[in-house]
Amino acid sequence: MIIPVNLDEKYDVIVENGALDDAEKHLNLNRKVLVLTDDGVPEMYAEKVAKKCETPVVVTLKHGEESKNFDNFKHILSVMLENSFSRKDCVVAVGGGVVGDIGGFAASCYMRGVDFYNVPTTLLSMVDSSIGGKTAIDFMGVKNVVGSFYQPKAVVVDPRVLSTLDDRQFYAGLAESIKMAATSDASLFEFIENADVKRDVKEIIERSILIKKAVVEKDEKEEGLRKVLNFGHTVGHAIESAEQGRLLHGECVATGMLYACSDGVKTRLEYIMTKFGLPVRTEKTAAQLLPYITHDKKASGGKISTVYVDEIGSFKFIDRTAEEILLISEKKK
């Protein structure tokens, strides 16, 4: 399936089993290419892309959220400069959300912007972070607080690479599909509830991408509707920062959703998350989470625009203070 994302600069998301083997058909690699990956990604994936490049330069980061830092950002730019990359060259991120975020941010800054391609290898990055142009690094313990909107030239999704993903990473990624279905597609939510998700993962990926595409096309810079994609993220990001890498992003989002929904929705979410081994509560206290929620990027005038799901498949925005969010969170424990 080829899914066009129709923004000012249109690009395609290619979802195809075996697409990684034909990367050169979907990406312009006849130039100098920085192939960015991390040591948690099987080497063969970056190698497959590098072999298709005219002049590849491979950079491998340490895996984990902690790699989204200024030192690695500087290192990527240094490698590009040392290898005489020009504005006509490009960056290809091969991996999960970490390399996609920092790779896209580096591409957006080097010489005021070079081409960027995303080749996601985790379920989370396939359905969410590789699409839509959000790039960022973490700073002073706050997640994604420094970054830019910078759309990729193309995204290549090969569901077959998920065969090397462990169950924890797989189901943490599934949390993002659950998130989108909960706010925007009741039939997809029911499908995930009842499907053999590993067998049916290609359909889940495609339907999740179609939701994100529709939202991003209407609101590229997160000025309104796109905030719906942050369902579960206000408390989820706070938990993720407070846990300092002990929990995966999708696990934190899963928990965060439970603090922004009706009791009926909470029951269905708890069932589906328990089924897939996702956490349904946090041991962090309100006092521990408050500093991170206070720095939420959606904060304005002392309040944060949060997504609330009263019924599966629909949502509404509610403005709350950090203290109000945490009061609800404490009651939901």
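The values are calculated or read from the model by the stated rules, or taken from the named source; none is laboratory data. Keep in mind it's a predicted model, so treat the numbers as computed, not measured. Every residue, glycine among them, receives a Cβ derived from its backbone with ideal geometry; neighbour counts consider all protein chains shown. When the accessible area is computed, the model is the full protein with side chains, heavy atoms only, and any ligands, DNA or RNA have been set aside. Shrake-Rupley method; radii C 1.70, N 1.55, O 1.52, S 1.80 Å.
See the values below:
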quantity	calculated
Which listed residue, of ILE239, ILE304, ILE293, is open to solvent by less than 20 Å² (accessible area, probe 1.4 Å), aliphatic (A, V, I, L, M) and not in a helix (DSSP H, G or I)	ILE304
Conditions (1) within 22 Å of the chain's Cα centre (by Cα); (2) basic (Lys, Arg); (3) farther than 26 Å from MET140 by Cβ: number failed by LYS52	(1)
Top-ranked residue of segment 213-223 - restricted to ones that are among the acidic types (Asp, Glu) and outside any helix (DSSP H, G or I), ranked as surrounded by the fewest Cβ atoms within 10 Å (Cβ to Cβ)	GLU223
Some residue of segment 309-318 being surrounded by 16 or more Cβ atoms within 10 Å (Cβ to Cβ), within 25 Å of LEU123 (Cβ to Cβ) and touching a strand residue (DSSP E or B) at 6+ places or on another chain (Cβ under 7 Å)	yes
Within segment 1-75, strands (runs of 3 or more DSSP E) holding 1 or more residues that are open to solvent by 80 Å² or more (accessible area, probe 1.4 Å) and of a type outside the set (A, V, I, L, M, F, W, C)	55-61
Tally of residues being over 30 Å from PHE170 (Cα atoms) and in contact (Cβ under 8 Å) with a residue 60 or more places away in the chain across segment 79-101	0
Selection count, segment 274-286, where residues are open to solvent by 50 Å² or more (accessible area, probe 1.4 Å), out of contact with any Phe, Trp or Tyr (no Cβ under 7 Å at 6 or more places or on another chain) and part of a loop (DSSP other than H, G, I, E, B)	3
Criterion violated by ILE204 - all others in (1) surrounded by 22 or more Cβ atoms within 10 Å (Cβ to Cβ); (2) touching a helix residue (DSSP H, G or I) at 6+ places or on another chain (Cβ under 6 Å); (3) under 16 Å from ASN6 (Cα atoms); (4) not small (Gly, Ala, Ser) satisfied	(3)
Those residues of segment 41-66 which are within 15 Å of THR122 (Cβ to Cβ) and modelled with pLDDT under 95, in sequence order	HIS63, GLY64, GLU65
Residues being crowded, with 24+ Cβ neighbours inside 10 Å and either at positive phi or among the acidic types (Asp, Glu) (or both) - total across segment 96-117	1
Subset of segment 281-316 [modelled with pLDDT of 90 or more and over 19 Å from LYS143 (Cβ atoms)]	TYR308, VAL309, ASP310, GLU311, ILE312, GLY313, SER314, PHE315, LYS316
Of the criteria (1) at pLDDT below 95; (2) in a helix (DSSP H, G or I); (3) open to solvent by 60 Å² or more (accessible area, probe 1.4 Å); (4) not aliphatic (A, V, I, L, M), which one ARG226 fails	(3)
Test result for ARG31, at pLDDT 95 or above, basic (Lys, Arg) and in contact with a Cys (Cβ under 8 Å, 6 or more places away or on another chain)	yes
Residue ranges of strands (runs of 3 or more DSSP E) in segment 118-184 with at least 2 members buried (at least 24 other Cβ atoms within 10 Å of the Cβ), hydroxyl-bearing (Ser, Thr, Tyr) and within 13 Å of the chain's Cα centre (by Cα)	none
Cβ pairs under 9 Å, 6+ apart, first in segment 134-161 and within 16 Å of ASP22 (Cβ to Cβ) and among the hydroxyl-bearing types (Ser, Thr, Tyr), second assigned to a loop (DSSP other than H, G, I, E, B) and at pLDDT 95 or above	none
Residues (charged (D, E, K, R) and at pLDDT 95 or above) located in segment 82-137	GLU82, ARG87, LYS88, ASP89, ASP101, ARG112, ASP115
Counted residues, segment 253-273 - those being in contact (Cβ under 8 Å) with a residue 24 or more places away in the chain and in a helix (DSSP H, G or I)	13
